[in-house]
Amino acid sequence: MEILACRRPVLVSILKNRKFIKRCHTFSHNQQRSMSHIMQRRMDRNPLFKINNPQLSRHFAIMRVISSVLKLRYLVLGSAVGGGVSVSRKYQEWKDSLPDLSWLEDVFPNNNIANTIQTSLKSILDTVQNIDFDSSKSNEKLDKLKVWLDSHIDQAFKAAEITESDDQSKIVEDISPIITKAATPNSKDYKQKLEISQQEIIEIQLRYQKELEKLEKENKELRKILLLAKNHKMNMRKVKKSLIDMYSELLDELNDYDSNYQTQDHLPRVIVIGDQSSGKTSVLEMIAQARIFPRGAGEMMTRAPVKVTLSEGPYHVAQFKDSAREFDLTKESELAELRKEVEARMKNTVSRGNSVSNEVISMTVRGPGLQRMVLVDLPGIISSVTQGMAPDTRECIRQMSTAYMSNPNAIILCIQDGSVDAERSNVTDLVSQIDPHGRRTILVLTKVDLAEKNMANAERVNKILSGSLFPMKALGYFAVITGKGNQNDSIDSIKEYEENFFRNSKLFRESIGISSQLTTRNLSMAVSDCFWKMVRETVEQQADSFKATRYNLETEWKNNFPRYLELDRDELFEKARGEVLNEVVNLSLVSVKDWEEKLSAELWNGISHYIIENVYLPAGYSVNQTNSTASFNTMVDIKLKQWAEEQLPRKSINIGWVVLKDMFKTMFEENQNQKLQASDEILETLKMAVIDEALKRHSWEDKALEMLRVIQLNTLEDRCIKDKHNWDQAAQFLTSTLENNLKVTDGLLKEMVGPSNYEKWFYWQSSTAEQTKRNNIKYELENLLHSNPNHSNLLSKDEQITISNNLKQKNGTPCELDDIWQTWYLVYRRHYFKIALENAQNIKKHFYHYQESNGLQNEYYDIEMFWRITRMIKVTANVLRQQITNRELRRLHKELKEVLDEYSQNIEMKCKLLTGRRVTLVEELNKVKQIQEKLEDFIQALNKEK
């Protein structure tokens, strides 16, 4: 009911309007399909929309259009707001990215000061331009004054912009009335007024310079404090090298790489060159602010190039490149030691028979306020060779100077003695030949105080400074005073004397505008500026040239040695060191059997001659002489004991040392042959030299000698053969020894008597007369032994006469007794060896008979002796093997290390043993890489400093 009540007004209004109802009935089916699906569903469900209403549908379409337009408004409005916010943000970011220019307010003076200075200078210019002189001389003077003013007004403007000091503006204001007064046309004495103005200008310049020096001194103290504080902080971390130190090290590297000073080294340095005793070294000392070089009365003191690197530091010290000691230049005692050290180094660089040397002495001088640069002090140019000098000294000095000045980027500091006539100079002609346009030459006139006193025409000095006297052109001309005539004068006193001289000198007072060309202070600043300008202009080119050099060397290596690593001499030496020491380790791996077999064989080879000739044969001959076998053992015991006490131990040790040496070399060669493809042939010479040197130094321990003597004596005393194995071993040893000696004796006897009848018939050999004679003697002696096989080794006198007579009857010529004795020695020796060999072969099977008799029968004397020798050799070999493996190999290893350490420090030895293009190419390539890296580091630091 409530629902019907709510809908009743609507129903009433619809019923009243019948036309509206009728139109709803005629609503077409096509228009109904165009309505939205949602609206259609609503109309189907709602009874109010069961009737068709086209007007209502049109109202709904208008509402939809209006809704879309309202949505577009919101989109446009939102986009506008967002774009404004984005633009504001971008503007703020751009504003923040701009550099902060607030520091300009601290640098530039305020408007009032700048206007004051500018007004004063303009008034000066107006006053000078309106002046009109009647006198020609005054006009010339005034023209000079105008030129000077024009050149210094720009400097005054710059000075006004740099500082806000009221003193400078006061100085500029003080100039105005002075110049105006001096240049007034109504003045009566123009010359006097002009001199007064010049004097006043010089006074103002000197006053200005004093103020600058005062500020510089304060600046030095402040920089010293800052440097000390910086060094204190840097102690906690790695110390960074200064720019000039990096450059100095780079020059040292280039000097080592290019010792002949060829075209590779084109980096700038200041070359100090001048005639002998022209004050060349004194100029360098004034720049360094210390007396660091030795002095001589007219004799040549600079005998080698001295490279001095000037650097700024908190303390005034000097240090050599290859030394850690620092000389305190504020103490006279250390200055004297420094001068002695420089003199000693110069004498050491000069070889016998020469007066000068090309070897560079490098030192660094640090101190507060020093201008950073690198100077090279060369020996002075001489006109003639004096007594005590080498004949080619003059040419050597000129060649050295020419080589250094030929560097197209070197700054030539030409020192000219101002107290002598310019025509007597040798150095100016030499410099003009090298640098004819004067693009890198600075002329320095020394001893100008003496020039003003002694020269009749003192104006020549001014002409030199203006560049109008010498045909030589230069970047700049300077006049300095480097001494007062006393070698003990300090640098400060000389500087004070120099300032007073130039302040009071009439010669320089009359010249306007040359104040910047006076004093060593201005010289050092000008040279430093020129030096760094040249460095910045040329260092990049030098880096590019080394890049090209490195590329060429790397290409050569890839083409010639593609399968090898780039190892320099030191790295190859370390590789060889490892291989040599490994060989000692391999030697310790040799088996006990191999050691003892080798030692036993070498021992018998070393003692066999003594055993046969001095022991066995004399003892065996004694048996035939005495017909008693007991004498054999007695003689053998005596001789063996004496031999074991005196000679055998030392002989055995020598043999053991020879075996160790042979085994080491043999194993080393075998290993090298096995690793031939993998081994490095370039190392073979070095390894063999090290091994030979170590073996030469090696000696056997002395305490091993006594121990071996006792063991050998005890071994030789035992004659008893206890088992069959030892018996067979001794019998075999005896048999082989006798066979070898019989073979040797047959060969000697054959050589004595000549070929046999068989050889004569079938090999067409013939005998000499001497051999025929010896053959006849041999025949007679063999008949004698055949008749008496047990004959002793001695011939009786009757037997000798009988043999001689028989030979005389057969040949018709008598025979010498010496020939009979010499032939008898070999014939009887062969006869004895044959009988002994037959006995040795027979007693091989008699061990059990020997064992039953307990060794009491003397018929086995020879096998007992050889058993004693065999056992002694075996025991000695065992002792020597233990000594080698336990002690000698370690000592040899230690000696090899010592030799390797010595060779590693000996550059000449390494260059001698490691040679070839492969080695030199690697070293050259590494050097170029190192120089290139230093160049890049220096360029990076230089760009940061800019």
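Around residue 648, under 12 Å between beta carbons, what's the net of Lys plus Arg minus Asp minus Glu among the other residues? Write down the numbers at each step before the final one.
Working: positive: 639, 641, 650, 651, 709; negative: 645, 646.
Taking every other residue near residue 648 into account, the sum is +3.
Rounded, prolate or oblate: which fits region 713-849 when a ≥ b ≥ c are the square roots of the eigenvalues of the alpha-carbon gyration tensor, with rounded for a/c under 1.5 and prolate only if a/b beats b/c? Before the final figure, lay out the partial values.
On the way: a/c = 3.01, a/b = 1.98, b/c = 1.52.
Because a/c hits 1.5 or more and a/b exceeds b/c, region 713-849 counts as prolate.
Within a Cβ distance under 12 Å of residue 861, other residues only, what is the Lys/Arg minus Asp/Glu net charge? Walk me through the numbers before you get to the answer.
Working: positive: 719, 868; negative: 637, 859, 862, 864.
Taking every other residue near residue 861 into account, the sum is -2.
Around residue 369, which amide H atoms from residues at least 5 apart in sequence, or from another chain, sit under 5 Å from its own amide H, with H modelled in the peptide plane?
313
How much length, in nm to one decimal, is gained on full extension between residue 701 and residue 882, taken as 0.36 nm per residue of separation minus their Cα-Cα distance? Please report the intermediate quantities before stating the final value.
On the way: separation 181, 0.36 × 181 = 65.16 nm, distance 1.29 nm.
Fully extending the segment from residue 701 to residue 882 adds 63.9 nm.
List, in order, the whole-Hz ³J(HN,Hα) value for each residue of region 919-925 obtained from phi through the Karplus relation with A = 6.51, B = -1.76, C = 1.60 and θ = phi - 60°; use x for Gly and Pro.
Working through the residues one at a time gives 6, 5, 5, 5, 5, 5, 5 Hz.
Taking the simple approach of a point 7 Å from Cα along Cα-to-Cβ for both residue 725 and residue 350, what is their distance in nm?
8.1
With each label point set 7 Å from Cα along the Cα-Cβ vector, what nm distance links residue 810 and residue 503?
So the two model labels end up 12.8 nm from each other.
Quick one: in region 280-344, what % of C-alpha pairs are over 19 Å apart?
Values: 572 of 2080 pairs.
Looking at region 280-344, the distances longer than 19 Å represent 28 percent of pairs.
For the pair residue 86 and residue 613, how long in nm is the line joining their label points, each one 7 Å along Cα→Cβ?
It is 11.6 nm.
Near the amide H of residue 381, under 5 Å away, which other amide H atoms are found, from residues 5 or more places off or on another chain, if H is placed in the peptide plane?
Under 5 Å from the amide H of residue 381: 274, 275, 276.
Report the normalised scattering of region 344-408 as log10 I(q)/I(0) at q = 0.16, 0.19, 0.29 Å⁻¹, calculated by the Debye formula with identical scatterers on the alpha carbons.
Values, matching the q order: -0.66, -0.85, -1.37.
For region 569-675, state the average projected area of the convex hull of the C-alpha atoms over all orientations, rounded to one decimal in nm². Spell out each step's value before the answer.
Working: hull surface 39.0 nm².
The Cα convex hull of region 569-675, projected and averaged over all directions, gives 9.7 nm².
If each residue of separation counts as 0.36 nm, what is the full-extension length gain between residue 743 and residue 819 once their alpha-carbon separation is subtracted? List each step's numbers first, then the result.
On the way: separation 76, 0.36 × 76 = 27.36 nm, distance 2.21 nm.
Once the chain is fully extended between residue 743 and residue 819, it gains 25.1 nm.
If you split all Cα-Cα distances of region 798-903 into 5 Å bins from zero, what percentages do you get per bin, shortest first?
Using 5 Å bins, I get a P(r) of 2, 9, 10, 9, 8, 8, 8, 8, 9, 8, 7, 6, 4, 3, 1, 0 for region 798-903.
Kindly write out, for region 570-578 in residue order, the coupling ³J(HN,Hα) from the Karplus curve 6.51 cos²θ - 1.76 cosθ + 1.60 (θ = phi - 60°), rounded to whole Hz, with x marking Gly and Pro.
5, 5, 5, 5, 5, 5, 5, 4, x
To the nearest 10 Å², what's residue 404's accessible area with a 1.4 Å probe?
In the full protein context, residue 404 sits at about 20 Å².
Against the globular-protein guess of 2.2 N^0.38 Å, express the Cα radius of gyration of region 281-397 as a ratio, rounded to two decimals. Please report the intermediate quantities before stating the final value.
Working: Rg = 14.7 Å, N = 117, 2.2 N^0.38 = 13.4 Å.
After normalising by residue count via 2.2 N^0.38 Å, the value is 1.09.
Given 0.36 nm per residue, what is the gain on full extension from residue 681 to residue 787 after removing their alpha carbon distance, in nm?
Numbers: separation 106, 0.36 × 106 = 38.16 nm, distance 6.82 nm.
This chain segment gains 31.3 nm when fully extended.
With a Cα-only, solvent-free Debye model of region 869-946, what are the log10 I(q)/I(0) values at q = 0.10, 0.13, 0.19, 0.21 Å⁻¹?
-0.58, -0.73, -0.91, -0.97
Taking H placed 1.01 Å from N in the peptide plane, check which residues at least 5 places from residue 476 or on another chain put their amide H under 5 Å from its amide H.
443
The values are calculated or read from the model by the stated rules, or taken from the named source; none is laboratory data. It should be emphasised that the depicted structure is a prediction, and the values quoted were computed from it without experimental measurement. Because the Cβ atoms are built from the backbone with ideal geometry, glycine has one as well, and the counts that use them run over all protein chains shown. Each accessible area value is taken on the protein alone, full model and side chains, heavy atoms only, with ligands, DNA and RNA left out. Shrake-Rupley method; radii C 1.70, N 1.55, O 1.52, S 1.80 Å.
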